[in-house]
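*Asks:* One structure, pasted below without further comment.
The values are calculated or read from the model by the stated rules, or taken from the named source; none is laboratory data. A quick note: this is a predicted structure, and the numbers were derived from the prediction, not measured. Backbone-built Cβ (ideal geometry, glycine too); neighbour counts: all protein chains shown. Please note that ligands, DNA and RNA were not included when accessible areas were found on the heavy atoms of the full protein model with its side chains. Shrake-Rupley method; radii C 1.70, N 1.55, O 1.52, S 1.80 Å.
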Amino acid sequence: MDTKAYEDRMKKTLAVLDEEFSTIRVGRANPRVLDRLTVNYYGSEVPLNQVGNVTVPEARLLQIAPWETNMLKEIEKAIQSSDLGINPTNDGKVIRLVFPELTEERRKALAKDVKKKGEDSKVSIRNIRRDAMDAFAKAQKKSEITEDDLKVLEKEIQTLTDKYSAELDKKVEAKNKEILTV
């Protein structure tokens, strides 16, 4: 028996959390906030970053230059119907998204959301630990591993759980600090 598969699952949990954190906007323009948006491209839904070039010319400005000018309206429509809460400005060639400064109230709400996502990820890590402990106990019942092996494996999985929980806490703390810094 091995803890490698469970460690990989814990790593994936952290990767998913990083992905979720990258889509939370914190007053600065980040092209990753557009990753979830899709645009109607001749009848099929295509990720926004595949129909144009997304750049960050200023700290609080995103600029989208579509490869085909007839896509401007579709991109604008996709942004308006999203949960970004930003009105795009279209000058006929590019679309600009100006990110306003976050209010104190909005920062606190985002911080609360970050904490919740962190707590959800912690629950996932604990569930992975529980799955591992169950698998080890079953293997011991079937006499596939000894009782000493069981103790060693349980200790290893607990060590991994502690390690990834601490890493998760650091990520949540760093993201909260980023959000609450004006």
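*Asks:* What number of residues within region 46-66 are open to solvent by 60 Å² or more (accessible area, probe 1.4 Å) and touching a helix residue (DSSP H, G or I) at 6+ places or on another chain (Cβ under 9 Å)? Lay out the reasoning, then the answer.
*Replies:* Applying the first criterion (open to solvent by 60 Å² or more (accessible area, probe 1.4 Å)) to region 46-66 yields 49-50, 53, 56-60.
Next, from what is left, pick out any that are touching a helix residue (DSSP H, G or I) at 6+ places or on another chain (Cβ under 9 Å): 49, 56.
Residues in region 46-66 being open to solvent by 60 Å² or more (accessible area, probe 1.4 Å) and touching a helix residue (DSSP H, G or I) at 6+ places or on another chain (Cβ under 9 Å): 2 in total.
*Asks:* Scan region 95-130 for residues that are closer than 18 Å to Tyr6 by Cβ and either touching a Pro at 6+ places or on another chain (Cβ under 8 Å) or in a strand (DSSP E or B) (or both) and report the count. So that I can check it myself, show each step before the final result.
*Replies:* Residues of region 95-130 closer than 18 Å to Tyr6 by Cβ: 121-130.
Next, only the ones that are either touching a Pro at 6+ places or on another chain (Cβ under 8 Å) or in a strand (DSSP E or B) (or both) stay: none.
Count: 0.
*Asks:* Name the residue, out of Asp131, Asp148, that is of a type outside the set (A, V, I, L, M, F, W, C), closer than 27 Å to Glu167 by Cα and out of contact with any Ser or Thr (no Cβ under 9 Å at 6 or more places or on another chain).
*Replies:* Details: Asp148 fails: closer than 27 Å to Glu167 by Cα.
That would be Asp131, the only listed residue that is of a type outside the set (A, V, I, L, M, F, W, C), closer than 27 Å to Glu167 by Cα and out of contact with any Ser or Thr (no Cβ under 9 Å at 6 or more places or on another chain).
*Asks:* Another question about this same structure. Restricting to region 137-170, name every residue that is farther than 26 Å from Leu17 by Cβ, crowded, with 17+ Cβ neighbours inside 10 Å and either under 25 Å from the mean Cα position of the chain (by Cα) or touching a residue at least 60 places away in the same chain (Cβ under 8 Å) (or both). Even if it seems obvious, please write down each step before you answer.
*Replies:* Looking only at region 137-170, we keep the residues that are farther than 26 Å from Leu17 by Cβ, and these are 137-152.
Those still in the list that are crowded, with 17+ Cβ neighbours inside 10 Å too: 140, 145, 150.
Ile145, the sole residue that qualifies.
*Asks:* I need the full set of residues from region 101-153 which are touching a helix residue (DSSP H, G or I) at 6+ places or on another chain (Cβ under 7 Å) and of a type in the set (S, T, N, Q), in order please.
*Replies:* Scanning region 101-153 gives Ser121, Ser124, Gln140.
*Asks:* Oh, and also: In region 65-101, which residues are touching a residue at least 60 places away in the same chain (Cβ under 8 Å) and either among the hydrophobic types (A, V, I, L, M, F, W, C) or more than 26 Å from Ile24 (Cβ to Cβ) (or both)?
*Replies:* Leu97, Phe99
*Asks:* Restrict the check to region 87-96 and report whether at least one residue is open to solvent by 60 Å² or more (accessible area, probe 1.4 Å) and under 25 Å from Leu17 (Cβ atoms). Break it down into steps so the answer makes sense when it comes.
*Replies:* Quick first cut of region 87-96, residues open to solvent by 60 Å² or more (accessible area, probe 1.4 Å) only: 87, 89, 91, 93, 96.
Checking which are under 25 Å from Leu17 (Cβ atoms) leaves us with none.
Scanning region 87-96 turns up no residue that is open to solvent by 60 Å² or more (accessible area, probe 1.4 Å) and under 25 Å from Leu17 (Cβ atoms).
*Asks:* Out of the residues in region 31-85 that are farther than 22 Å from Pro100 by Cα and of a type in the set (Gly, Ala, Ser), which is nearest to the chain's Cα centre (by Cα)?
*Replies:* Looking at residues that are farther than 22 Å from Pro100 by Cα and of a type in the set (Gly, Ala, Ser), I get Gly52.
*Asks:* Filter region 132-146 for residues that are part of a helix (DSSP H, G or I) and of a type outside the set (S, T, N, Q) and give the result. Break it down into steps so the answer makes sense when it comes.
*Replies:* Taking region 132-146 first, the residues part of a helix (DSSP H, G or I) are 132-141.
Correct list: Ala132, Met133, Asp134, Ala135, Phe136, Ala137, Lys138, Ala139, Lys141.
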